[in-house]
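The values are calculated or read from the model by the stated rules, or taken from the named source; none is laboratory data. Keep in mind it's a predicted model, so treat the numbers as computed, not measured. Cβ atoms come from the backbone with ideal geometry, glycine included; neighbour counts cover every protein chain shown.
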Amino acid sequence: MTVAVTHAPLETLLRWIQRVLLASAVSALLYCGFVLTDVSISQNKQRRQFDWLLTGHRETNAEAGPTAGSHPPPAIGDLIGRIEIPRLGVSAMVTEGTSIMVLRRGVGHISGTALPGQPGNVGISGHRDTFFRPLRNIRSKDLITLTTVLGKYRYQVVSTTIVSPSQVSVLDPGKSEMLTLVTCYPFYFIGSAPNRFIVFAVRNRG
């Protein structure tokens, strides 16, 4: 007597697994597309807003004379300015705070640290897989520019280091005007990266 062996249940299961994996892949692509579109729209909106603020500030100064050079402390989500690292092709708008939304759409000024032009240490944070990915190639003496409505501030890189997330002393105020960039490390780590990559720069008045 011959016994027929059917593989129908296994084939059905494999087809369902294939469909689930395909649906997951499509969903992931759609989500990535949404995030990239949201980032682009947000950055363009902030650039237009910043250009408008710059124009308004220049016109106000032309009519009323120079201001004292200070503004009220920014609130979370307020636009701070623009950061640029010409050699690395970095250009991103800087917003106050380091919330999930702020860092998804740009880079964030670390609340409690100095603002550009103030004495102390200006802390800027960004994601290693978006705007701050190029920091893996940063070098000593690279120039970094922070532009706000109060002026353009230039910094020169002096060193980099890798620290644990708990080592917040990297944001301590220095004796001179400093800029500290913070991102996760390693750059290509899958998941939540265990360390932080730090860039130190000092104000260049030349």
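For this structure, a couple of remarks:
- Considering segment 175-202, the residues that are without any contact (Cβ under 8 Å) to a residue 40 or more places away in the chain and aliphatic (A, V, I, L, M) include one that is surrounded by the most Cβ atoms within 10 Å (Cβ to Cβ), namely Ile198.
- So Pro134, is it part of a loop (DSSP other than H, G, I, E, B) and either in the same structural domain as Ile190 (by TED's automatic domain parsing) or surrounded by 15 or more Cβ atoms within 10 Å (Cβ to Cβ) (or both): no
- In segment 137-157, the residues that are basic (Lys, Arg) and assigned to a strand (DSSP E or B): Lys152, Arg154
- Tally, over segment 149-190, of residues that are under 29 Å from Gln49 (Cβ atoms), modelled with pLDDT of 95 or more and of a type in the set (Val, Ile, Thr): 4
- Among the residues listed as Val26, Val5, Val35, Val20, the single one being modelled with pLDDT under 80, hydrophobic (A, V, I, L, M, F, W, C) and in a loop (DSSP other than H, G, I, E, B): Val5
- Residues that are without any contact (Cβ under 8 Å) to a residue 24 or more places away in the chain and not basic (Lys, Arg), drawn from segment 131-174: Ser140, Ser166, Val168, Ser169
- The set of residues in segment 80-121 that are part of a helix (DSSP H, G or I) and either modelled with pLDDT under 95 or under 14 Å from Gln46 (Cβ atoms) (or both) comprises Ile100, Met101, Val102, Leu103, Arg104, Arg105.
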